[in-house]
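Only the coordinates and a few stated rules stand behind these numbers; no lab work does. Please read these numbers as outputs of a predicted model, since none were measured by experiment.
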């Protein structure tokens with residue numbers, strides 16, 4: 001014979017004024033749970049019969065949920081900590097205990113916490129003044145004067161020609177270090193299609209990996225050429241960019 005001893009008993013309840021919250025349904029559910037456990041306490045072996053286990057599992061789950069709801073109702077009525085609220089808590093605990101003895105899951109699994117939001121991308125690692133155009137770190141790319149300087153390699157899939165890229169960047173006039181454009185944090189990064197930017201970017205960004213920081217020395221012919229761009233980039237201006245790749249598609 002399995003050891004299955006429990007004796008739920010009701011406490012004496014004080015006369016109370018009619019509560020603001022209707023507790024009648026919760027009280028009936030609580031007493032129904034007590035009645036079930038009283039009915040099976042002297043002969044629990046039948047519950048281990050595989051034929052009855054679906055019924056038992058459903059009954060224990062119902063008692064667990066009803067007892068949980070009843071405790072909330074009693075608490076809202078100001079009855080927390082005693083009386084029927086304590087009996088409902090006992091029913092809930094017994095439902096879990098009996099389920100554990102029988103290998104039956106009674107309590108629903110705890111909710112899975114959503115993953116924390118990804119941190120906002122930043123321009124960490126970038127500089128605020130123009131890198132020296134004559135530094136020995138530059139590496140020629142092709143024969144038109146384009147040069148690159150990888151400060152951070154990044155990781156993941158490399159950018160392909162024609163990709164859409166999301167980046168932080170700063171652009172300077174190579175002749176005097178004047179900054180003419182930038183997109184830096186705390187602003188959100190900018191997104192471009194490589195097909196829509198100057199040739200220096202189309203050629204110089206290919207191969208970058210997310211998280212990478214690359215500097216570009218772009219000769220005028222691969223930038224804005226003899227026309228320049230507005231009032232900020234004069235004709236025939238060589239350019240220096242620093243670009244941090246956030247993502248690409």
Per-q log10 I(q)/I(0), region 113-184, q = 0.12, 0.14, 0.15, 0.28 Å⁻¹ (Debye; single scatterer per alpha-carbon; no solvent): -0.48, -0.64, -0.73, -1.45
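Would you mind computing the Rg to Rh ratio of region 178-230 from its alpha-carbon coordinates, Kirkwood style for Rh?
Details: Rg = 12.3 Å, Rh = 12.8 Å.
Ratio of gyration radius to Kirkwood radius for region 178-230: 0.96.
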By the Cα gyration tensor axes a ≥ b ≥ c (a/c under 1.5 gives rounded; else a/b larger than b/c gives prolate, otherwise oblate), the shape of region 24-102 is prolate
In Å, descending, principal axis extents of the Cα set of the chain: 96, 46, 28
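Tell me the Kirkwood radius of region 139-248: reciprocal of the mean inverse pair distance over distinct alpha-carbon atoms, in Å. List each step's numbers first, then the result.
Working: mean 1/r = 0.0719 Å⁻¹.
With all distinct Cα pairs of region 139-248 included, I get 13.9 Å.
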In terms of the alpha carbon gyration tensor, root eigenvalues a ≥ b ≥ c, rounded if a/c is under 1.5 and otherwise prolate when a/b exceeds b/c or oblate, region 56-162 is prolate
Show that you can apply the helix-only estimate: for the chain, add -39,500 (n - 2.57) for every DSSP H stretch of four or more residues, divide by all residues, and state [θ] at 222 nm to the nearest 500. -9000 deg cm²/dmol
